[in-house]
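Chemist: Before I ask anything, let me first share the structure, which is written out below as structure tokens.
The values are calculated or read from the model by the stated rules, or taken from the named source; none is laboratory data. Quantities reported herein were computed from a predicted structural model and do not represent experimental measurements. Note that each Cβ is placed from the backbone with ideal geometry, even for glycine, and that neighbours are counted across all protein chains shown. Remember, those area values only see protein heavy atoms, side chains included, never the ligands or the DNA or RNA. Shrake-Rupley method; radii C 1.70, N 1.55, O 1.52, S 1.80 Å.
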Amino acid sequence: MAKKNEQAPKHWADIYAEKVIREKGDKPLYTCASGITPSGTVHIGNFREIISVDLVVRALREMGKQVRFIYSWDDYDVFRKVPKNMPEPELLAKYLRYPIVLVPDTTGRADNYARGNEIDVERELPKVGIHPEYIYQAARYRASEYADGIRMALEKRDEIKAILDKYRTEPLPDTWLPISVFSSFTHKDTTTVLSWDGEWGITYRDDSTGQTETIDLRKTSLAKLPWRVDWPMRWKREQVDFEPAGKDHHSEGGSFDTSKEVVELFGGHAPVSFQYDFISIKGHGGKISSSSGDVVSLPDVLEIYTPEVTRYMFVGTKPNSEFSISFDLDVLKLYEDYDNCERITFGLLPVKEERKAYETRIYQLSQVDKVPETISYQIPFRHLCNLLQIHGMDVDAVVKSLPDVKPEQLDRLVAKATCARNWIEKYAPEDFKFHLQTEKDEKVGVGGNEKQAIGNLAALVGKMDGMDRKAFTEAMYACATDAGLETGAFFTVVYKVLIGKEKGPKLADFIRTCGKDKVLPILQRYL
């Protein structure tokens, strides 16, 4: 039993916000960062980092702090692999080893491949309440904005090499320089840096053509730093205080380990961070990957889960816990969990005070904007799915059929019903789906006792208005008994008559929900 003075556990976002303040000190502005290479469809696994940062940003702001939330598009990275979900793969293959910002967008949506993958995310993030400041690294590199950072890395190449070599099985060659160059002759990164003049000049060779060229770091659009030097350089430049990363970066000797040492050479310090785990899609297994193209994106998730429930999945799970996003019957359970969290928050589901405080915090962080003053219309997702199928998948008809929907609940109800319709149409198992039979559907065969029981049920349905649930259920069972029909056989034939299947939703409640105007004409086909 919990002690009376027991406090609710703090949410992990609040814990990390406090850690940022504690470790970085009291600052007029805190910078929280995230980023990704748009090498393919930006998937829901990438979203885990974005929302993890957003939650810490929210927690800091609620503590009265000014926060800058930056999101870097690493669109000057190399195009290494053609994802299988991209159109015109043969054309894209011709651009391998180019910077992705110079690869064409074969979807026809944007000026280049990178931008085509960026716009989906930038359009969708506001729907889930996330509004970062975007930084486009290709634009910065090509405008030579990082010339000073590149030169500093070159000046400290020996120290950087020593740090990197600590974590390598074989040391880098003595001629190694912390810079890569895209060829002006072929646009590819298949080049060898030959020399640095000690100031701004870099001479490189295009390995495929043999041509050489000397470029000025202050004027060129061709040079960039390798990832393990680029990342800490930007930490210093942007004064990043918090940035999480996946377990690939956080593995021992990974890019975070090296970057937190390299950043000191730039005169900065590593941000507060944590490792977040990967997300899998139920039934897929393993890590999802943009470069493979076998992904589920945020727009895919938002078709099935409302923005609040989408946030709830991540808010309610610790970042270092792996979890699966499901599109099967688990969808029903997740909506139920969110609804319970909401009811606890609004005091409609009594729980201990410490649990209420924790669930309320989860609910707060799950909202797109501010916490609504009115609870959403409380209808289970499963029941909503049944209503949609009863009403021919017409969301408006379902909403009109529901009593006491308040104006401030309407938008959330429509959003939930739309997600339910999408789920039924795209992912629901076949035995979950049904439609009320019409004159166009072939009649099922019924025997004498079955026909009599259907007649009894039709008479009952004709007078069921005003009957309570218990009275109707007892009378429905009597329809079978009076016809000399076993209950199981009665249920089977009624389901066949109503929806063309042997099983379906709980029969008494289903008939009452459909109403006599829908049920009676179907039953009368057999009389």
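Chemist: Looking only at segment 297-315, how many residues end up being modelled with pLDDT of 95 or more and not in a helix (DSSP H, G or I)?
Modeler: The qualifying residues number 2.
Chemist: Among the listed residues S259, S251, identify the single one that is farther than 15 Å from C32 by Cβ and under 25 Å from the mean Cα position of the chain (by Cα).
Modeler: Numbers: S259 fails: under 25 Å from the mean Cα position of the chain (by Cα).
Answer to the selection: S251.
Chemist: Being in contact (Cβ under 8 Å) with a residue 40 or more places away in the chain, of a type in the set (S, T, N, Q) and open to solvent by 10 Å² or more (accessible area, probe 1.4 Å) is the requirement here; does S297 meet it? It would help to see each step written out before you state the result.
Modeler: Working: in contact (Cβ under 8 Å) with a residue 40 or more places away in the chain: yes; of a type in the set (S, T, N, Q): yes; open to solvent by 10 Å² or more (accessible area, probe 1.4 Å): yes.
It is true that S297 is in contact (Cβ under 8 Å) with a residue 40 or more places away in the chain, of a type in the set (S, T, N, Q) and open to solvent by 10 Å² or more (accessible area, probe 1.4 Å).
Chemist: Now for a different question. Filter segment 279-293 for residues that are at pLDDT 50 or above and either crowded, with 20+ Cβ neighbours inside 10 Å or closer than 20 Å to E118 by Cβ (or both) and give the result.
Modeler: Correct list: I279, I281.
Chemist: Kindly evaluate S259 against the criterion of being hydroxyl-bearing (S, T, Y) and under 20 Å from I51 (Cβ atoms).
Modeler: Values: hydroxyl-bearing (S, T, Y): yes; under 20 Å from I51 (Cβ atoms): no.
Here the answer is no, as S259 does not meet what is asked.
Chemist: Okay, moving on. Among all residue pairs at least 6 apart or on different chains, which show Cβ distances below 7 Å where the first residue, located in segment 247-259, is over 23 Å from I279 (Cα atoms) and the second is in a helix (DSSP H, G or I) and hydrophobic (A, V, I, L, M, F, W, C)?
Modeler: T258/I163; T258/L164; S259/W231
Chemist: Does K236 satisfy being under 26 Å from P171 (Cβ atoms), touching a residue at least 12 places away in the same chain (Cβ under 8 Å), among the charged types (D, E, K, R) and buried (at least 21 other Cβ atoms within 10 Å of the Cβ)? Please lay out each step first, then the result.
Modeler: Details: under 26 Å from P171 (Cβ atoms): yes; touching a residue at least 12 places away in the same chain (Cβ under 8 Å): yes; among the charged types (D, E, K, R): yes; buried (at least 21 other Cβ atoms within 10 Å of the Cβ): no.
Considered against the rule, which asks whether it is under 26 Å from P171 (Cβ atoms), touching a residue at least 12 places away in the same chain (Cβ under 8 Å), among the charged types (D, E, K, R) and buried (at least 21 other Cβ atoms within 10 Å of the Cβ), K236 comes out as no.
Chemist: What number of residues within segment 376-415 are among the aliphatic types (A, V, I, L, M) and open to solvent by 20 Å² or more (accessible area, probe 1.4 Å)?
Modeler: The total comes to 8.
Chemist: Does segment 320-337 contain any residue that is buried (at least 21 other Cβ atoms within 10 Å of the Cβ) and touching an Asp or Glu at 6+ places or on another chain (Cβ under 8 Å)?
Modeler: No, segment 320-337 contains no residue that is buried (at least 21 other Cβ atoms within 10 Å of the Cβ) and touching an Asp or Glu at 6+ places or on another chain (Cβ under 8 Å).
Chemist: So which residues in segment 460-486 are open to solvent by less than 60 Å² (accessible area, probe 1.4 Å) and either closer than 14 Å to L436 by Cα or part of a helix (DSSP H, G or I) (or both), if there are any at all?
Modeler: Once the filter is applied, which keeps residues that are open to solvent by less than 60 Å² (accessible area, probe 1.4 Å) and either closer than 14 Å to L436 by Cα or part of a helix (DSSP H, G or I) (or both), segment 460-486 yields L460, V461, G462, A471, F472, T473, A475, M476, A478, C479, A480.
Chemist: Same structure, new question: Looking only at segment 7-31, count how many residues are at pLDDT 95 or above and either among the basic types (K, R) or closer than 13 Å to A245 by Cβ (or both).
Modeler: Counting residues in segment 7-31 that are at pLDDT 95 or above and either among the basic types (K, R) or closer than 13 Å to A245 by Cβ (or both) gives 4.
Chemist: Something else now. Out of all the residues in segment 86-104, which are in contact with a Pro (Cβ under 9 Å, 6 or more places away or on another chain), closer than 26 Å to A143 by Cα and part of a loop (DSSP other than H, G, I, E, B)?
Modeler: Passing the criteria: only Y95.
Chemist: So the check is Cβ under 8 Å with 6+ separation or different chains; which pairs have a first residue in segment 107-122 that's part of a loop (DSSP other than H, G, I, E, B) and a second one that's aliphatic (A, V, I, L, M)?
Modeler: Close Cβ pairs (under 8 Å, with a partner that is aliphatic (A, V, I, L, M)) amount to T107/M86; R109/I119; A110/I119; N112/I100; N112/V101; N112/L102; N112/V103.
Chemist: Using beta carbons and a limit of 9 Å, which pairs, at least six apart or on different chains, have the first residue in segment 262-275 and in contact (Cβ under 8 Å) with a residue 40 or more places away in the chain and farther than 15 Å from G25 by Cβ and the second one open to solvent by 40 Å² or more (accessible area, probe 1.4 Å) and among the small types (G, A, S)?
Modeler: Note: pairs meeting the criteria are Q275/S251.
Chemist: Follow-up question, since we're still on this one. Can you tell me how many residues in segment 156-191 are over 21 Å from A138 (Cβ atoms) and either open to solvent by 40 Å² or more (accessible area, probe 1.4 Å) or assigned to a loop (DSSP other than H, G, I, E, B) (or both)? Explain how you work it out, then say what you get.
Modeler: First, pick out the residues of segment 156-191 that are over 21 Å from A138 (Cβ atoms): 156-177.
Then drop every residue that is not either open to solvent by 40 Å² or more (accessible area, probe 1.4 Å) or assigned to a loop (DSSP other than H, G, I, E, B) (or both), which leaves 156-159, 162, 166-177.
Matching residues across segment 156-191 total 17.
Chemist: Scan segment 423-457 for residues that are basic (K, R) and more than 28 Å from L527 (Cα to Cα) and jot them down. Let's see the steps before the verdict.
Modeler: Here is the first cut: in segment 423-457, the residues basic (K, R) are 426, 433, 440, 443, 451.
Result: K426, single match.
Chemist: Let me ask you something else. Filter segment 198-215 for residues that are in contact with a strand residue (DSSP E or B) (Cβ under 6 Å, 6 or more places away or on another chain) and part of a strand (DSSP E or B) and give the result.
Modeler: Answer for segment 198-215, where residues must be in contact with a strand residue (DSSP E or B) (Cβ under 6 Å, 6 or more places away or on another chain) and part of a strand (DSSP E or B): G201, I202, T203, Y204, R205, D206, T212, T214, I215.
Chemist: Tell me yes or no: at least one residue of segment 91-107 is farther than 28 Å from I119 by Cβ, open to solvent by 50 Å² or more (accessible area, probe 1.4 Å) and aromatic (F, W, Y). Show your work before the answer.
Modeler: Residues of segment 91-107 that are farther than 28 Å from I119 by Cβ, as a first pass: none.
Within segment 91-107, none of the residues are farther than 28 Å from I119 by Cβ, open to solvent by 50 Å² or more (accessible area, probe 1.4 Å) and aromatic (F, W, Y).
Chemist: Out of T220, T258, report the one residue that is modelled with pLDDT of 95 or more and within 29 Å of V103 (Cα to Cα).
Modeler: Details: T258 fails: within 29 Å of V103 (Cα to Cα).
Every option except T220 fails the conditions.
Chemist: How many residues are touching a residue at least 12 places away in the same chain (Cβ under 8 Å) and either of a type in the set (F, W, Y) or in contact with an Asp or Glu (Cβ under 9 Å, 6 or more places away or on another chain) (or both) if we restrict to segment 83-106?
Modeler: 11
Chemist: Do we have any residue at all in segment 218-227 that's touching a residue at least 40 places away in the same chain (Cβ under 8 Å) and hydroxyl-bearing (S, T, Y)?
Modeler: yes
Chemist: Give segment 422-459 a look and list any residue that's of a type in the set (A, V, I, L, M), open to solvent by less than 20 Å² (accessible area, probe 1.4 Å) and in a helix (DSSP H, G or I), or say none. Break it down stepwise before answering.
Modeler: Step one: list which residues in segment 422-459 are of a type in the set (A, V, I, L, M), which gives 424, 428, 436, 444, 446, 453-454, 457-459.
Subsequent filtering for residues that are open to solvent by less than 20 Å² (accessible area, probe 1.4 Å) retains 424, 428, 453-454, 457-458.
Residues satisfying the conditions are I424, A453, I454, L457, A458.
Chemist: Now for a different question. So T106 passes all but one of these: (1) over 22 Å from G268 (Cα atoms); (2) under 18 Å from the mean Cα position of the chain (by Cα). Which condition number does it fail?
Modeler: All conditions pass for T106, except number (2).
Chemist: A follow-up question, please. Restricting to segment 192-224, name every residue that is open to solvent by 30 Å² or more (accessible area, probe 1.4 Å), polar (S, T, N, Q) and out of contact with any Lys or Arg (no Cβ under 6 Å at 6 or more places or on another chain).
Modeler: Residues satisfying the conditions are S195, T203, S208, T209, Q211, T214.
Chemist: Still on this structure, please answer the following. Here are the criteria: (1) crowded, with 19+ Cβ neighbours inside 10 Å; (2) small (G, A, S); (3) farther than 23 Å from V262 by Cβ. Tell me which single one A153 does not satisfy.
Modeler: Checking A153 against (1) crowded, with 19+ Cβ neighbours inside 10 Å; (2) small (G, A, S); (3) farther than 23 Å from V262 by Cβ, the one that fails is (3).
Chemist: Right, next: Considering each residue of segment 489-527, count those that are assigned to a helix (DSSP H, G or I), open to solvent by less than 40 Å² (accessible area, probe 1.4 Å) and under 11 Å from Q437 (Cα atoms), and give that number.
Modeler: The qualifying residues number 7.
Chemist: Let me ask another. Considering segment 43-89 alone, what residues qualify as being open to solvent by less than 20 Å² (accessible area, probe 1.4 Å) and charged (D, E, K, R)?
Modeler: Hits for segment 43-89 are R48, E49, D54, D74, D75.
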